[in-house]
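To keep things clear, I will list the structure first and then write my remarks on it.
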Amino acid sequence: MRTKRNDAGNLSIDFLVGFTIFMVTFIYVATLIPSLFLNLQGYSIDYNAVAYRTGVILVEDPGMPYNPPWESLPVSYEGNILRFGLALSDGTTTIPNVLSTVKINQFFCSTWVYPDDYESRALFGSYPYHFNISLQTAGSNVTRSVGEVLPENYGYSRRVVKVKEESYATIGPDTGSWHPDYRTDDYNVTTHLFTIFLNYTALSENGPYYNNPAYQINPISPMGEGIMVNLTDLENTTDTVYDAAHGIPPPLINLTDIQVERSVMVYNGYGYSPSNKGFTPVQGSYELYIDGNSTAYSFTPTTPPLNITSNVSLVINPFTLNSWGSQGINPSGKITALNITLQFELSHGDGFLNSTQSQPYGAFDYNYDPANVTQPALQDGVMEVAVW
């Protein structure tokens, strides 16, 4: 009897060939898919995300450390700087996206090396990104930047910001900042003093807009902003009418001394009380410019008298009032005031600028009165971050 063969489980040659071709094609395509998505993610998602994150950190964060602020640390302490941030504060006490001029100057200075110093403090990644960070403010034709020339394709972030400018005072015979009349006790005096006084307690507690840092004169850390005082038209402060009537030539004006001093309150366990040191000198705290010269003049107490034709500009550097470290003041100290005195010597006695001896006018008060001091202003700006 013949047995019937059951071949229902056998596959045809055509099916096997087709299935093999399908599997080979499927495996080949599957190996290509990851690389396709990797390229797409690297440009469209990752680079834009890195640029956005970097822009947020720079614009909304004050950096680390915050107090003492990173921009105040000397080069020897650069290892302590963990994060760059250009924001004036952490955003809880000021309007958003307000940048500090001091931080901007330090960020774009030649101290830092591209890309190493910026990768670890602004981009926060081990991947070797290329980048360009730039800032331009309204009214300026100069764009400050760090990084490389932009390629054809890159990730991008753009932020509209405000840049807080520093305050300054311009003081002259016609500004009302000193009394225009000459007192009889000013005649025949050859040594004259002009004093600028900053009451930090008043500046920190009586600022505009409920002490908003964006509008506050704040030379103390962590804000650490500088100030500038311009004395103008000094040749017109002498009594030229009296000199001419008596045949006396105008006196020569020499700057002979500059003193920058500060007072400190010390914590005694219960509160702050005045230090027994009173006002103490601050060294290396200013830059001096004379008669419109853009180069700072190196002036020390041992320098010969400096002849002044018309103008003196004194720039008090940021962090002059810092209560930590470099000036030897205990970190628990609380700065209360800054006293700046310029001493002038005249070739012969005359009526001249003599604020400290011409009572009741006394020292020039650097405060929130716009008639005396040009207040801090917010300048519009744009920050752009490109990463590739």
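Each reported figure results from applying straightforward, stated rules to the coordinates on display, with no laboratory input. Just so you know, these numbers come straight off a predicted model, no measurement behind them. All Cβ positions, even for glycine, are placed from backbone atoms using ideal geometry, and neighbour counts span all protein chains on display.
Things to note:
- Between the amide H of ILE227 and those of ILE316, distances stay under 5 Å, these residues lying 5 or more places away or on another chain, with hydrogens modeled in the peptide plane.
- In sequence order, calculated HN-Hα J values of the stretch 191-202 (Karplus, 6.51, -1.76, 1.60; Hz; x Gly/Pro): 9, 10, 10, 10, 10, 10, 10, 10, 8, 5, 4, 5
- Computed extension length for THR300-THR201: 32.7 nm, one decimal, from 0.36 nm per residue of separation with the Cα-Cα distance subtracted.
- Listed peptides 112-124, 159-171 by packing density, highest first (mean Cβ within 10 Å): 159-171, 112-124
- For the stretch 74-91, 3J(HN,Hα) computed residue by residue from phi via the Karplus equation (6.51, -1.76, 1.60; θ = phi - 60°) reads x, 4, 5, 10, 5, x, 7, 7, 9, 8, 7, x, 9, 5, 4, 8, 7, x Hz, glycine and proline entered as x.
- Coupling constants for the stretch 142-153 follow from the phi torsions by the Karplus curve (6.51 cos²θ - 1.76 cosθ + 1.60, θ = phi - 60°), and in residue order they are 9, 9, 8, 8, 9, x, 9, 5, 5, x, 6, 10 Hz; glycine and proline get x.
- Computing FRET efficiency as 1/(1 + (r/R0)^6) for VAL149 and ASP380, where r is the C-beta to C-beta distance and R0 is 25 Å, gives about 0.45.
- Database remark: amide H of LEU252 closer than 5 angstrom to the amide H of SER347, HIS348 (H placed geometrically; neighbours at sequence offset of 5 or more, or on other chains; Pro and chain starts carry no H).
- Length released on extending from TYR127 to ASN80, taking residue separation times 0.36 nm less the Cα-Cα span: 14.7 nm
- Put simply, when 218-224, 289-295 are sorted by average Cβ atoms within 10 angstrom per residue, most first, you get 218-224, 289-295.
- Distance (nanometres) between label positions extended 7 Å along Cα→Cβ at GLU119 and ASN212: 4.1 nm
- Between ASN141 and THR191, the simple label model (points 7 Å from Cα in the Cβ direction) yields a spacing of 5.0 nm.
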